[in-house]
1. Can you find a residue that is assigned to a helix (DSSP H, G or I), out of contact with any strand residue (DSSP E or B) (no Cβ under 7 Å at 6 or more places or on another chain) and free of Cβ contacts under 8 Å to residues at least 12 places away in the same chain anywhere in the range 115-124?
2. Say we look at the range 72-105 and pick out the residues that are farther than 24 Å from Ile175 by Cβ and in contact with a Gly (Cβ under 6 Å, 6 or more places away or on another chain); which of these is surrounded by the fewest Cβ atoms within 10 Å (Cβ to Cβ)?
3. Kindly indicate whether any position in the range 81-90 is at pLDDT below 90, touching a Ser or Thr at 6+ places or on another chain (Cβ under 9 Å), of a type outside the set (Gly, Ala, Ser) and over 21 Å from Tyr259 (Cβ atoms).
4. Looking only at the range 41-55, how many residues end up being over 14 Å from Pro199 (Cβ atoms), in contact (Cβ under 8 Å) with a residue 24 or more places away in the chain and either surrounded by fewer than 24 Cβ atoms within 10 Å (Cβ to Cβ) or in contact with a His (Cβ under 6 Å, 6 or more places away or on another chain) (or both)?
5. Any idea which residue in the range 208-242 is nearest to the chain's Cα centre (by Cα), counting only those that are surrounded by 21 or more Cβ atoms within 10 Å (Cβ to Cβ) and of a type in the set (Val, Ile, Thr)?
6. Is there any pair linking a residue in the range 71-91 that is among the β-branched types (Val, Ile, Thr) to one that is surrounded by fewer than 24 Cβ atoms within 10 Å (Cβ to Cβ), with Cβ under 7 Å and at least six apart or on different chains, and which?
Amino acid sequence: MSSQMIVMSNTIKKWVFLLLLSFIWGSSFILIKKGLLGLSPLQLGSFRLVLSALIIFAFGYKSLNGLRKNQWKWLVLSGFLGSFFPSFLFAYAETEVDSTITSILNSLVPLNTVVLGFVLFKIKSNRFQVLGVVLGFIGAVLLILEGAALNPTNNYRYSGLIILATLMYAANVNIIKRYLNEVRPLAIAMANFVAIFIPAFGVLIFSGGLSHATLSSPAFLPALGCVFLLSIFGTALAKILFNTLIQISNPVFASSVTYLMPLVALFWGIIDAEIFNVFQGVAALIILSGIYLANKKSKKKNR
């Protein structure tokens, strides 16, 4: 009975984390869009990373105690793949691609997680997981095609930056699950930002983020407000939650957060006067079906 309660509690916890992360990260794309009204992509990405680092440093500095030397190479790699490069790639992508479409393309993460997990990390996925990510990917493609029809002026060559970021996210998920599964989530986040803080601050200086022209611009403070929300929730808090989710579930379940994010992004898109139609709603239901299958366990035969 006790073990059943523990399993039930863990299952509820996984879904609570998944839904919370979906809302936080699904809201990140509109914040990036608004932040770019007053900042360049390099400035937005570096401000986001520097502010996130300062937030995590404020309450996570003691978490580094006990980390082993052989873990640091994976922690550094995780920091660059899971935070540093994607922050700039998404910022540049949203200069041309609509925020809703960006969130939809981000749904490639679970598919890439399965592929990279099998090819590079020898992590097996069952048939339901494979079918689920494929079905979810089909739903994402339908959303992309409909988004392209509704927004013909978008430059979809920039979508390659998003796809590259999803590959980095997928690699990071597998690294955490395979090599850092016993490390506390806060320690992972803290070590990640220790590794990327100086490069991020360097980019901030290089991009003119602290120049008088930038700081005195009327659009600076509203943009910085969006980046601050993005940093405290979309990066600092979400990174800890996501690291926890990876450890209490599996890479495919954790990365399936990207299937729900487009639904949240679509909501904010409607608020921001972006177009949503019935066909996109059907595609969203296909994505939800993919989540269900991706998290369905195969029945083991006892022989």
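1. yes
2. Restricting to residues being farther than 24 Å from Ile175 by Cβ and in contact with a Gly (Cβ under 6 Å, 6 or more places away or on another chain), the top hit is Ile101.
3. Taking every residue of the range 81-90 in turn, none turns out to be at pLDDT below 90, touching a Ser or Thr at 6+ places or on another chain (Cβ under 9 Å), of a type outside the set (Gly, Ala, Ser) and over 21 Å from Tyr259 (Cβ atoms).
4. Final tally of qualifying residues: 3.
5. Across the range 208-242, the extreme among qualifying residues is Thr235.
6. Short answer, once both residue conditions are applied: Val76/Ala195.
The values are calculated or read from the model by the stated rules, or taken from the named source; none is laboratory data. The structure displayed is predicted, hence computed values, not measured ones. Here Cβ is always computed from backbone atoms with ideal geometry, including for glycine, and neighbour counts include all displayed protein chains.
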